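S.K.: So that we are looking at the same thing, I have put the structure below in structure tokens.
The values are calculated or read from the model by the stated rules, or taken from the named source; none is laboratory data. This structure is a prediction, so every number in the text was calculated from the model and none was measured. Methodologically, a virtual Cβ is constructed for each residue, glycine included, from the backbone with ideal geometry; neighbour enumeration extends over all protein chains shown. We work out accessible area using only protein heavy atoms, side chains counted, and drop any ligands, DNA or RNA first. Shrake-Rupley method; radii C 1.70, N 1.55, O 1.52, S 1.80 Å.
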Amino acid sequence: MVAMNMSKDDDQNDPNKWKLETIDIDPMVDIPLSNNDTEGNVTKSSNNATLKRNNSSVRKRNGVQGNNHGSVGCRAEPGGKEGIKSLRFLDRTATGKEVDAWKQVEKRFNQYAVADRLSRDKFGACIGMGGESKEFAGELFDALARRRIICEKGGITLEELRLFWEDITNEDMEARLQIFFDICDKNGDGKLSEDEVEEVIVLSASANKLANLKMQAKSYAALIMEEIDPDHLGYIEMWQLETLLRGMAVSEDNQKLGKRTQSLTKSMIPRSYRTPISKFLSTTAELVQENWKKIWIVILWLAINIGLFTWKYRQYQKHGLYKLMGTCLCIAKGSAETLKFNMALILIPVCRGTLTAIRSSFLSNLIPFDDNIKFHKLIALGIVISTSLHAGLHITCDFPRLITSQEDEFMDVAGTYFNYKQPTYMDLVNSIPGITGILMTVLMMFSFTLALNVMRKNVNLPWPLNILSGFNSFWYAHHLLVLVYMLFVMHGYFLIFTSDWHKKTTWMYILVPVMLYAIERFIIIIKEINLPVHVIKAVIYTGNVLALYMSKPHGFKYKSGMYLFLKCPDISGFEWHPFTITSAPGDDYLSVHIRSLGDWTTELRERFEKACSQLQSTQTRKGNLVRIETKSHSNYGHEIEGYPKIVIKGPYGAPAQNYIKFDILLLIGLGIGATPFVSIIKDIINQINLNLAYNPDSITEHQETSPETKSNNMQREAYKRGPERAYFYWITREQASFEWFKGVMDDIAECDHYHMIEMHNYLTSVYEEGDARSALIAMVQKLQHAKNGVDVVSESRIRTHFARPNWRKVFSDLAAAHESSRIGVFYCGSPTLTKTLRELCLEFSLNSATRFVFHKENF
């Protein structure tokens, strides 16, 4: 009680008191400044409520513990208040503006109420706590009913719902804590038994889709009781629960700090970005600097196309046929010349072996090899335009003018080409150029249509057109282009108006690219025969993920981040699918992780699942988590009979392989998109282990000196050829996903003595820290990690965060921690996050001394 009897002067000299007042006033920032009276009243009441809470908390602590423990309770109080400050029952979006939020609740009440009463089952959906939180909402409903002494058997009225709403949105933190306690304390005796704690853990695990944690709820309840019931009384009280919640304000305080930092950053924007015009010019300059490789390649491509078109156009302007067919002929022939060029060029971006070989040369400083597929699509667009112009003008303009021209004029200009017999329209269509042109156009339209993204994503088409959607249709339709090239050569050789062979240039354009592409395909066939791979191990993980561990062919050299193509002849002898290599270059095996998303990958997983069950081996049993994937040197023996045959081709270059060029790495993977970065992390770990093998005393030396006092030379000593530090963010929505790379996470904790790798796991199915639905999960997580060093969510040594990362804060922290550094941002996942990350890279490159370079994985 001493703290409550301090004088005013003492209050001013007490830093803890000032800290508490600052925290209590801080949320009032969101109140509109125009309503001064209201703001003053609310702030005053907030301070009064704070004083009331302080008195109440101290009374409860002293009342329970007595004089011997009163000092302990008082010391815990500021931390406890700071911790429970972020405890809430609804998502932040639902509690942003209370008036608007209540209007939505009232609207849903009218929707779900029966006879003007809302049942317990519909309570969660009504307040915006539906889905997996339905059971938790039911328990909240019961606790609020007990609190208000309301008989809820027949449901509640709108007025009673309003009272419930006021309780769960009450800014009094002690009131919120009391509600949370009441949810746990079902019998209302003011004490929580171990069984009640276990029941709430099960409830929270269900709401957050944590099946593994749900099965271990009993042991985690015992862990909580062991921590805050040291006297083994068999129960805990509210003040003890409050003490355990003291650390839960970290995420909220960080977000507030992020908002203040953002405001401060805006006030310190350089002069060149303050006005709209200067900002536009500066942003444009930055975009040009970042994308200059793409820009000059596209400009060069356009210039060549325009040059070829103009040259051919002027050539036929001087030709005698211009008198008969006019400008239509010139445009048709000009577009035909660009068509020849693009039909040759389009093969280069898909010669992956050639691109991989030259991307390590000086040409990588001039050519954006990472965008080869985008350039392939751009050239395809050029082919569509050229084909449309060429075929369309011939059919609709040139042919009609030719057959309707005056006979004397025709015989004088074009008679030699037709043996002095004026043709009919069908004569022109039935000629070799006419037939080959029509067939080419039809085949190209078919294959190009099935190559569209909308068609490759298994769109729902009516029978029998449904067989035309999906990757398989795209793959087989693209092979029809072999016929197109054959027809293309015939079409260009049997020209009507050209007889000299050296002027028939179609074959000259495509000769080298076709030979290059054919040689690559021939090499692949040879490697299939001479460099076979054997499946050593197969693991089927929850989440429809298949992990394959294969023998490494002799001479198969690759870099972290590269990918390979995989084929299963038992499924199809022609289909190849790309997958990132998840093993490190130093490993003596190859591994890939494949998620079932389409017909082919689903069938592949089912075949290996069947083979694993038939083998009945502990090495291949489903769910077995032997850490083969992280061992650098192991003898796996020979091929295990019974697995489907696998054939590979590659490796091929990818953006992630350039990670070694950057000072700092920011690796971001969504779900199975973590695969490119697992190989990079393994490679860094292998380099660390290699360094320790030659210098085993480096660990002891490093442990004797704190990381803050060590220079970057120590980090370069551990990994001389790579980045100084790597930040790995893995975001997934399923708890079982962490099994995929559990061994890698444990290896980071074991081997990374220099703290070069900082891994952050995010589970989006769990409500963010501070939500009442995840409060006990957060408690258990912190206690388990402190006691055993194991995370309860990922079941590894890397701690898991809840919800999604605050990307702005991530970039802000990196820019502050690594000034004047080049940070490579590598992302692999769904396109939804690409725009956000790209914009943040540009923004922080402009507004800080740190340069962020964005890379997106493409296949």
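S.K.: Among all residue pairs at least 6 apart or on different chains, which show Cβ distances below 7 Å where the first residue, located in the range 359-372, is open to solvent by less than 50 Å² (accessible area, probe 1.4 Å) and the second is hydroxyl-bearing (Ser, Thr, Tyr)?
M.R.: Within 7 Å, no pair qualifies.
S.K.: Any chance the range 490-508 includes a residue that's at pLDDT 90 or above, closer than 21 Å to residue 376 by Cβ and crowded, with 18+ Cβ neighbours inside 10 Å?
M.R.: yes
S.K.: Just checking, how many residues over the range 762-804 are open to solvent by less than 10 Å² (accessible area, probe 1.4 Å), free of Cβ contacts under 8 Å to residues at least 60 places away in the same chain and part of a loop (DSSP other than H, G, I, E, B)?
M.R.: Here the count works out to 3.
S.K.: Would you check if residue 712 is modelled with pLDDT under 80, within 16 Å of residue 561 (Cβ to Cβ) and not assigned by the TED database to the domain that holds residue 560? Explain how you work it out, then say what you get.
M.R.: Values: modelled with pLDDT under 80: yes; within 16 Å of residue 561 (Cβ to Cβ): no; not assigned by the TED database to the domain that holds residue 560: yes.
Against the criterion (modelled with pLDDT under 80, within 16 Å of residue 561 (Cβ to Cβ) and not assigned by the TED database to the domain that holds residue 560), residue 712 does not qualify.
S.K.: Got a sec? Which helices (runs of 4 or more DSSP H) wholly within the range 412-474 have at least 2 residues that are more than 22 Å from residue 494 (Cα to Cα)?
M.R.: Qualifying helices (runs of 4 or more DSSP H): 432-450, 453-456.
S.K.: Can I ask one more? Would you check which residues across the range 544-600 are under 17 Å from residue 686 (Cβ atoms) and of a type in the set (Val, Ile, Thr) and list them?
M.R.: Correct list: 581, 582.
S.K.: Evaluate the following for residue 333: is it assigned by the TED database to the domain that holds residue 399, among the charged types (D, E, K, R), touching a helix residue (DSSP H, G or I) at 6+ places or on another chain (Cβ under 8 Å) and open to solvent by 50 Å² or more (accessible area, probe 1.4 Å)?
M.R.: no
S.K.: Right, here's the next one. Which residue out of 811, 852 is at pLDDT 90 or above, under 25 Å from residue 654 (Cα atoms) and either assigned to a helix (DSSP H, G or I) or outside the structural domain of residue 672 (by the TED database) (or both)?
M.R.: Working: 852 fails: either assigned to a helix (DSSP H, G or I) or outside the structural domain of residue 672 (by the TED database) (or both).
On inspection, the qualifying residue turns out to be 811.
S.K.: Could you grab me the full set of residues in the range 817-848 that are open to solvent by 70 Å² or more (accessible area, probe 1.4 Å) and touching a residue at least 24 places away in the same chain (Cβ under 8 Å)?
M.R.: 819, 820, 822
S.K.: Filter the range 239-251 for residues that are more than 14 Å from residue 781 (Cβ to Cβ) and open to solvent by 20 Å² or more (accessible area, probe 1.4 Å); which is modelled with the lowest pLDDT?
M.R.: Of all residues in the range 239-251, those more than 14 Å from residue 781 (Cβ to Cβ) come to 239-243, 246, 249.
Within this subset, residues satisfying the condition of being open to solvent by 20 Å² or more (accessible area, probe 1.4 Å) are 239-240, 243, 246.
On the way: 239: 71, 240: 69, 243: 67, 246: 58.
The qualifying residue modelled with the lowest pLDDT is 246.
S.K.: Please work out which residue is surrounded by the fewest Cβ atoms within 10 Å (Cβ to Cβ), limiting yourself to the range 141-174 and to residues that are touching a helix residue (DSSP H, G or I) at 6+ places or on another chain (Cβ under 7 Å) and over 19 Å from residue 128 (Cα atoms).
M.R.: So, considering only residues that are touching a helix residue (DSSP H, G or I) at 6+ places or on another chain (Cβ under 7 Å) and over 19 Å from residue 128 (Cα atoms), the one surrounded by the fewest Cβ atoms within 10 Å (Cβ to Cβ) is 148.
S.K.: How about the range 124-200: which helices (runs of 4 or more DSSP H) wholly inside it have at least 1 residues that are among the small types (Gly, Ala, Ser)?
M.R.: Details: elements: 134-148, 158-168, 173-184.
It comes to 134-148, 173-184.
S.K.: Continuing with the same structure: How many residues are farther than 14 Å from residue 385 by Cα and either open to solvent by 40 Å² or more (accessible area, probe 1.4 Å) or in a helix (DSSP H, G or I) (or both) when one looks only at the range 340-355?
M.R.: The qualifying residues number 9.
S.K.: Okay, moving on. For the structure I just gave you, tell me whether residue 754 is open to solvent by less than 30 Å² (accessible area, probe 1.4 Å) and among the hydroxyl-bearing types (Ser, Thr, Tyr). Can you show your working first?
M.R.: Values: open to solvent by less than 30 Å² (accessible area, probe 1.4 Å): yes; among the hydroxyl-bearing types (Ser, Thr, Tyr): yes.
For residue 754, the condition - open to solvent by less than 30 Å² (accessible area, probe 1.4 Å) and among the hydroxyl-bearing types (Ser, Thr, Tyr) - is met.
S.K.: Which ones in the range 360-375 are under 27 Å from the mean Cα position of the chain (by Cα) and at pLDDT 85 or above?
M.R.: 367, 368, 369, 371, 372, 373, 374, 375
S.K.: Looking only at the range 637-669, count every residue that is basic (Lys, Arg) and either modelled with pLDDT under 80 or in the same structural domain as residue 351 (by the TED database) (or both) and tell me the total.
M.R.: Of the range 637-669, the ones basic (Lys, Arg) are 645, 649, 661.
If we keep only those that are either modelled with pLDDT under 80 or in the same structural domain as residue 351 (by the TED database) (or both) as well, we get none.
Here the count works out to 0.
S.K.: State yes or no: is residue 226 of a type in the set (Asp, Glu), at pLDDT 70 or above, surrounded by fewer than 19 Cβ atoms within 10 Å (Cβ to Cβ) and out of contact with any helix residue (DSSP H, G or I) (no Cβ under 8 Å at 6 or more places or on another chain)?
M.R.: Details: of a type in the set (Asp, Glu): yes; at pLDDT 70 or above: yes; surrounded by fewer than 19 Cβ atoms within 10 Å (Cβ to Cβ): yes; out of contact with any helix residue (DSSP H, G or I) (no Cβ under 8 Å at 6 or more places or on another chain): yes.
Yes; evaluated as a whole, the condition is true for this residue.
S.K.: Has the range 525-534 got any residue that is surrounded by 14 or more Cβ atoms within 10 Å (Cβ to Cβ) and modelled with pLDDT of 80 or more?
M.R.: Of the residues in the range 525-534, the ones surrounded by 14 or more Cβ atoms within 10 Å (Cβ to Cβ) are 527-528, 531-534.
With the extra rule that they be modelled with pLDDT of 80 or more, the set shrinks to 533-534.
Yes: one or more hits.
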